[in-house]
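**Q** What follows is a structure written as structure tokens; I'll ask about it next.
Readers should treat all values here as calculations from the given coordinates under stated rules, not as data from a laboratory. Given the structure is predicted, the values throughout are model-derived calculations rather than measurements. Methodologically, a virtual Cβ is constructed for each residue, glycine included, from the backbone with ideal geometry; neighbour enumeration extends over all protein chains shown.
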Ligand code: HEM
């Protein structure tokens, strides 16, 4: 085991992105999806859009930081891990992109910040169906990511979470 630890900026961006994505997946599914498209939904959609755009931006920042900082030492199953992380980044970017496409097609920007009205149902738009499907895939991959981290921490006991600033340093 080495004592590799990501740079403070990388750790901060990772946990901020994790909080944003978790918030979006939970509130999107449990709140937005079941809410009728009437006035009270506007404030929720504003927050969803802003946090969604932030989540997309944080992926770009993460990739840039990764390129400008030392890489962690490889671990067993490195290729699978890399594909998993690539998949997570790609899915979050695609979620933000499909959300933006939906906003453009449905006149959402005008409804939230201008004097337009919300469409009667977002499901009439193709990007909304893509957004919903990608959300399920993102949830599955986030669940695998969390389970893998917990497996390392509590079964293999290699201190992997220390790399991301939790617990002792470690994770070869
Ligand atoms: C990483 C970014 C994002 C995540 C993880 C996310 C997540 C979600 C989830 C889970 C849902 C519910 C879908 C379902 O269960 O079928 C949803 C709905 C929605 N999202 Fe996002 N979203 C993101 C970004 C965005 C952005 C950037 C926008 C707009 C610019 C947006 C606009 C919407 C809209 C309009 C709905 C539909 C609400 C409804 O059907 O009533 N999302 N989002």
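**Q** Which order results if 69, 131 are arranged by neighbouring Cβ count within 10 Å, fewest first?
**A** Ascending Cβ contact count within 10 Å gives the list 69, 131.
**Q** Now for a different question. Which one, 62, 79, 128, has the greatest fluctuation when you compute a Gaussian network model over the chain with C-alpha springs under 10 angstrom?
**A** In this elastic network of the chain, the residue with the biggest mean-square fluctuation among 62, 79, 128 is 79.
**Q** Return the FRET efficiency for the residue pair residue 54, residue 124: r is the Cβ-Cβ distance, R0 is 25 Å, and the value is rounded to the nearest 0.05.
**A** Calculated transfer efficiency: 0.40.
**Q** Counting other C-beta atoms within 10 Å, which of 22, 91 has the fewest, and how do the rest follow?
**A** Ascending Cβ contact count within 10 Å gives the list 22, 91.
**Q** Compare 51, 42, 92 in a GNM of the chain, Cα atoms joined below 10 Å, and give the one with the largest fluctuation.
**A** 42
**Q** Order of 41, 136 from fewest to most other C-beta atoms within 10 Å?
**A** By the 10 Å Cβ count, ascending: 136, 41.
**Q** To the nearest 10 degrees, how steeply does helix 41-68 sit against the main Cα axis of the chain, on a 0 to 90 scale?
**A** 30 degrees
**Q** Calculate the FRET efficiency for residue 31 and residue 8 from the Cβ-Cβ distance with a Förster distance of 41 Å, rounded to the nearest 0.05.
**A** Efficiency, from the Cβ-Cβ distance: 0.80.
**Q** Then there is this: How long, wide and thick is the stretch 69-110, going by the Cα atoms along their three principal axes, in whole angstroms, largest first?
**A** Computed over the stretch 69-110, the largest-to-smallest principal extents equal 49, 21, 6 Å.
**Q** Which whole-number percentage describes the relative contact order of the chain, with Cα contacts under 8 Å and a sequence gap of 6 or more?
**A** Answer for the chain is 33 percent.
**Q** Taking R0 as 22 Å, what FRET efficiency do you get between residue 47 and residue 149 from their Cβ-Cβ distance, rounded to the nearest 0.05?
**A** 0.20
**Q** Write down the radius of gyration of the stretch 18-172 and its Dmax, each obtained from C-alpha positions, in Å.
**A** So, for the stretch 18-172, Rg and Dmax equal 18.2, 56 Å respectively.
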